[in-house]
Amino acid sequence: MRGRGIARALLVRMTELAVERGMRTLDLTSRPSRESALRLYESVGFVRRETNMLRFTPPGR
């Protein structure tokens, strides 16, 4: 299923739901070796942190 945009669509919808529900942040973890996954997460708004955890903060929060 790679390359069809399914993961991106799921991540986008997940972040939209988080915004709609008023969540302050949304965290996920990933191994540092999963560079392509990390790039995907960052491309939809997650920010890499000093840990393996990534956080999405809706704009304006």
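The values are calculated or read from the model by the stated rules, or taken from the named source; none is laboratory data. No experiment lies behind these values; they were computed from the predicted model shown. Because the Cβ atoms are built from the backbone with ideal geometry, glycine has one as well, and the counts that use them run over all protein chains shown. Calculation scope for accessible area: heavy atoms of the full protein, side chains included, ligands and nucleic acids excluded. Shrake-Rupley method; radii C 1.70, N 1.55, O 1.52, S 1.80 Å.
Hey, if we sort 51, 15 by accessible area with the 1.4 Å probe, largest down, what's the order?
From most accessible down to least: 51, 15.
May I ask you to derive the relative contact order of the chain, considering only C-alpha pairs under 8 Å and at least 6 residues apart, and to give it as an integer percent?
In percent, rounded to a whole number, it is 35.
Given the -39500 (n - 2.57) contribution per DSSP H run of 4+ residues, what per-residue ellipticity at 222 nm results for the chain, rounded to the nearest 500 deg cm²/dmol?
For the chain, the value works out to -12000 deg cm²/dmol.
Can you list which of the trypsin sites (Lys or Arg not before Pro) found in the range 1-43 are DSSP loop residues with at most 12 other C-beta atoms within 10 Å?
In loop regions of the range 1-43 (DSSP not H, G, I, E or B), the sparsely surrounded trypsin sites (Lys or Arg not before Pro) are 2, 4, 21, 24, 34.
Among rounded, prolate and oblate, which fits the chain when a ≥ b ≥ c are the square roots of the eigenvalues of its C-alpha gyration tensor, a/c under 1.5 means rounded, and a/b larger than b/c means prolate?
Judged from the Cα gyration tensor, the chain comes out oblate (a/c at least 1.5, b/c at or above a/b).
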